[in-house]
1. Of (1) surrounded by fewer than 18 Cβ atoms within 10 Å (Cβ to Cβ); (2) more than 27 Å from the chain's Cα centre (by Cα), G314 satisfies all except one. Which?
2. State all residues of the range 26-57 that are of a type in the set (D, E) and surrounded by 16 or more Cβ atoms within 10 Å (Cβ to Cβ); if no residue qualifies, say none.
3. Considering only strands (runs of 3 or more DSSP E) fully contained in the range 345-409, which possess at least 1 residues that are at pLDDT 80 or above and of a type in the set (S, T, Y)?
4. When the range 483-500 is examined, which residues are found to be over 28 Å from the mean Cα position of the chain (by Cα) and either within 18 Å of G527 (Cα to Cα) or of a type in the set (G, A, S) (or both)?
5. Could you please let me know if S451 is surrounded by 13 or more Cβ atoms within 10 Å (Cβ to Cβ) and modelled with pLDDT under 90?
6. Can you tell me which of F297, F280 is at pLDDT 95 or above and either crowded, with 16+ Cβ neighbours inside 10 Å or in the same structural domain as E181 (by TED's automatic domain parsing) (or both)?
7. Residue under question is S270, and the condition is that it be farther than 23 Å from I216 by Cα, of a type in the set (S, T, N, Q) and buried (at least 22 other Cβ atoms within 10 Å of the Cβ); does it hold?
Amino acid sequence: MFGLLFFVMVAHTAYGDVSYSFPEEMKRGSVIGNIAKDLGFDVNRLSSRKARIDAEGNRKRYCDINLNTGELTVAERIDREEICGDRLSCVLKFEFMLEDPLELHHVSVQIQDINDNSPVFSKNLITFEIRESAVRGSRYRLNAAHDADIGQNAIQRYSLQKNDNFQLSINSNVDGEKKLELMLEKELDREQQNEVTLILTAVDGGTPPRSGTVAIHVTVLDANDNAPVFSQAVYKVSLPENSPLDTLVVTVSATDADEGQNGEVTYEFSRISERARKLFYLNKSTGEIRVTGALDFEYEAIYEILVEGKDGFGLSSDAKVVIELADVNDNAPEIRVKSLRSPVPENALTGTEVGIINVQEEQSYRAHVQENNKPGSSICSVSATDPDWRQNGTVVYSLFSSDLNGAPVSSFLSINGDTGVIHAVRSFDYEQLKSFKVLVLTRDNGSPPLSSNVTASVFITDENDNSPQILYPSPEGNSFMTEMVPKAAQARSLVSKVIAVDADSGQNAWLSYHIIKATDPGLFTIGVHSGEIRTQRDISESDSMKQNLIVSVRDNGQPSLSATCALYLLISDNLAEVPELKDMSRDESSSKLTFYLIIALVSVSTFFLTFIIIILAVRFCRRRKPRLLFDGAVAIPSAYLPPNYAEVEGAGTLRSTYNYDAYLTTGSRTSDVKFVRSYNEGTLTADLTLKNTPSAADDLEGLEAEVNEFFQVGQTKSFFKKMFLIFWGYRLLLLTACFLMVLEMLTFSHPSRCL
């Protein structure tokens, strides 16, 4: 209802807008323009209509109106640089109001820049220490000057005092900022001149032009070839506006590949506004930027600062730091009464305008949470008011039911229904979830209940909770992962590369590589940010053939986490030239061949002995086998004989006291003899049966001995035949094993190169 009423009143009262443009730094009382004439008002009625200027949200009342003339005048000193900083457009907005009838007009004043600021360098003296061995074309970075003015009144050109050794090089980067470098045009000679003093001048384009100067002092030394390198070109951070003093904003880090004093990096602001200098402090040794003043999102939301990293002899580089302030709910709602008719006549008609009220309440909330937070910790609080009475004005808070990453919002956040305090239900992981939004609902206890809503954005801040992970080489180290370095490798030759990643983000994931131990510390170097291992000088004959390096990979978190790995480098053109590796390989090959030969010998011997044991066992069993004797009377009719057997009857040739049958195979050289022994003591009876008698048994045993002797001769031949075959099989296996050994040795004599 109030919102609709406000809209209608504005629509009826805002009849037109007017704008002016005038230069900054005008004296108080200076006329900007005649607003009454421009809007078509009667000057004589300005007082009776209570004409006035409403400064709206401006902190100062920069303009006023002369009720006698209708002129808009300067009320306060207007400094464009103080009001708008480096912004190209600077506009003051306010409202011109009258009553009877009520009217509201928007007025905007464009502030023009004048050339009231001179170019200023960050320091009065720039010093360099340059070795006389520096080659022609060497460049040394200079900090650009800063001019608070804009456009044509800003810096337009630089000039360097004429000299024999240096000239000024000027380039522009992608942002349009000028990059200054002192370029060596002619080599230095310390014996002739050990110091050089130059004057650098910056000139703007104003009328008349303004200028600023800085002295450059160069000390010539007898040889620093590496400038510091920042881990990132741009550091971008978000900082809550209510951050207390001494809060760590960010830590800039630059490394120098040089050693000793040449590699010691110090930090300083190379470009910073006066307001930012009062709010932030930079530690020269550690690169930490901390808060030293009260931050205010409503005054300035973004600060851009240039930080210079400089080594002990003047080589430097810079990085940009962008600090974005995050708005927090630190301002109570403002209710502004634009106009109020008091008292109101009792006969006033419905719809009569009695005043204008402007209320500014939050549209959204922002909360920043450090990852790995404790479950149950409070994140932020939302606040809503209801002007109704008792239960109609009692506010209850709740979270809109929705899903986040497939899980209900209630598994991430909870809200106190009475106070509006939002709590974290779980511990957040930045690597899994960086930010999310929830909708907070508020309703009263009236009938029917009225409700409203607001969006709360939650941002997870990264924490350095992941160590660098080395992908190559293996962190555990493997002595067989050897990198070959040719003997003819020259300085700066690429040898290998360490590859690592970090699961964190931002500066917590900025990795730097360092050699912490080496066989020859001066032979190899590693790229601080690339991980590339290169030769620092040419390979010489006196260098050890085997070089071991221990590399540490560190992130830029606070505190820093690290991981290490080992690299084994071999200075050689061929593995065959390395006695240790050759002997080791031969030993390994010999050991393998010996192992194979032992297996072959054991296998063949086992087979041979097993076969011998089986044969002996069979022979022993045959010697111990019972004779095929039959007790009692035996009668074998010829009809039951095998078809290939012939009958031999000895009834007419042997004594009548015994009888036997012999069965011979028809066509076989090995005869089967089957003898029958009778246990009857009589002679052959009428029923054709045999009876055993002592004399017959003796004669039968003699015949058995003769038969066994016959068998012994045949089996002996078969046994020697089998032994002969086994002997040659055994020799064949031995020859095969020897052939494998020779083949392995021939293979080793031409080894392949290992990488």
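The values are calculated or read from the model by the stated rules, or taken from the named source; none is laboratory data. This one's a predicted model, so the numbers in the text were calculated from it and none came from an experiment. Heads up, the Cβs are rebuilt from the backbone with ideal geometry, glycines too, and the neighbour counts pull from every protein chain shown.
1. Going through the list (1) surrounded by fewer than 18 Cβ atoms within 10 Å (Cβ to Cβ); (2) more than 27 Å from the chain's Cα centre (by Cα), G314 breaks only (1).
2. Across the range 26-57, the qualifying residues are D38, D54.
3. Filter on the range 345-409 gives 364-370, 378-381, 395-399.
4. Looking only at the range 483-500, we keep the residues that are over 28 Å from the mean Cα position of the chain (by Cα), and these are 484-491.
Answer for the range 483-500, where residues must be over 28 Å from the mean Cα position of the chain (by Cα) and either within 18 Å of G527 (Cα to Cα) or of a type in the set (G, A, S) (or both): V485, A488, A489, Q490, A491.
5. Numbers: surrounded by 13 or more Cβ atoms within 10 Å (Cβ to Cβ): yes; modelled with pLDDT under 90: yes.
Criteria met by S451.
6. So the residue among F297, F280 that is at pLDDT 95 or above and either crowded, with 16+ Cβ neighbours inside 10 Å or in the same structural domain as E181 (by TED's automatic domain parsing) (or both) is F280.
7. Details: farther than 23 Å from I216 by Cα: no; of a type in the set (S, T, N, Q): yes; buried (at least 22 other Cβ atoms within 10 Å of the Cβ): yes.
Taking the combined requirement at face value, the residue does not satisfy it.
Yes/no per residue for (1) surrounded by 14 or more Cβ atoms within 10 Å (Cβ to Cβ); (2) within 25 Å of N226 (Cβ to Cβ):
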site: V135; (1), (2): no, yes
site: Q156; (1), (2): yes, no
site: E191; (1), (2): no, no
site: T201; (1), (2): yes, no
